[in-house]
1. Is it the case that region 15-29 has a residue that's out of contact with any Phe, Trp or Tyr (no Cβ under 7 Å at 6 or more places or on another chain), outside any loop (DSSP other than H, G, I, E, B) and within 19 Å of ARG4 (Cα to Cα)?
2. Looking at region 58-74 only, could you name the residues that are over 14 Å from VAL7 (Cα atoms) and in contact (Cβ under 8 Å) with a residue 12 or more places away in the chain?
3. In region 1-16, which residues are touching a helix residue (DSSP H, G or I) at 6+ places or on another chain (Cβ under 9 Å) and of a type outside the set (A, V, I, L, M)?
4. Kindly list, by first and then second residue, each pair from a residue in region 2-23 that is more than 12 Å from LEU62 (Cβ to Cβ) to a residue that is assigned to a helix (DSSP H, G or I), limited to pairs with Cβ atoms under 6 Å and residues at least 6 apart or on different chains.
5. Regarding region 30-40, can at least one residue be identified that is in contact with a helix residue (DSSP H, G or I) (Cβ under 8 Å, 6 or more places away or on another chain), assigned to a helix (DSSP H, G or I) and among the charged types (D, E, K, R)?
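Nothing in this text is a laboratory measurement; each read-out follows from the coordinates by a stated rule. Small disclaimer: the values here were computed from a predicted structure and weren't measured. Using ideal geometry, Cβ is built from the backbone for each residue, glycine included, and neighbour counts are taken over all protein chains shown.
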Amino acid sequence: MAVRPVVDAVEREFAGKLKVIRVNVQDPVGRQLAGAYDLEFTPTFVLFDSQGQQVWRSVYNLDPAQIRAHLGES
C-alpha cells in the first residue's frame with residue numbers, strides 16, 4: 001500500500017486537531033530526529049500528546065482508526 005495518500009488523507013481529516021510533520025531521515029536534521037526518537041525503520045508514525053509525550057507508534061502501517069481512537073473520536 002502506498003503510504004503518501006494515507007498520510008495526506010490523515011492530514012486533511014485531522015486538520016486543526018493534529019499537525020503532520022514529515023521527516024526525511026536522510027537529511028542531517030532528520031538523522032538527528034531519528035536518533036532522538038528511536039526511528040529505526042521507515043516509515044514510522046508517532047503520535048505525541050500536547051505535552052510532547054509519545055502516545056502511539058506504528059511502523060510501516062498508518063491506520064486512521066487508531067489515530068481517531070487516540071484523539072477520542074469514533
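1. Initially, region 15-29 is screened for residues out of contact with any Phe, Trp or Tyr (no Cβ under 7 Å at 6 or more places or on another chain), giving 15-29.
With the extra rule that they be outside any loop (DSSP other than H, G, I, E, B), the set shrinks to 28-29.
Restricting the remaining residues to those that are within 19 Å of ARG4 (Cα to Cα) gives none.
Scanning region 15-29 turns up no residue that is out of contact with any Phe, Trp or Tyr (no Cβ under 7 Å at 6 or more places or on another chain), outside any loop (DSSP other than H, G, I, E, B) and within 19 Å of ARG4 (Cα to Cα).
2. Our first condition is that a residue be over 14 Å from VAL7 (Cα atoms); within region 58-74, this holds for 69-74.
Matches in region 58-74: HIS70, LEU71.
3. Of region 1-16, the ones touching a helix residue (DSSP H, G or I) at 6+ places or on another chain (Cβ under 9 Å) are 6, 9-10, 13-14.
Within region 1-16, GLU13, PHE14 meet the criteria.
4. Close Cβ pairs satisfying both conditions: VAL23/GLY30; VAL23/LEU33.
5. no
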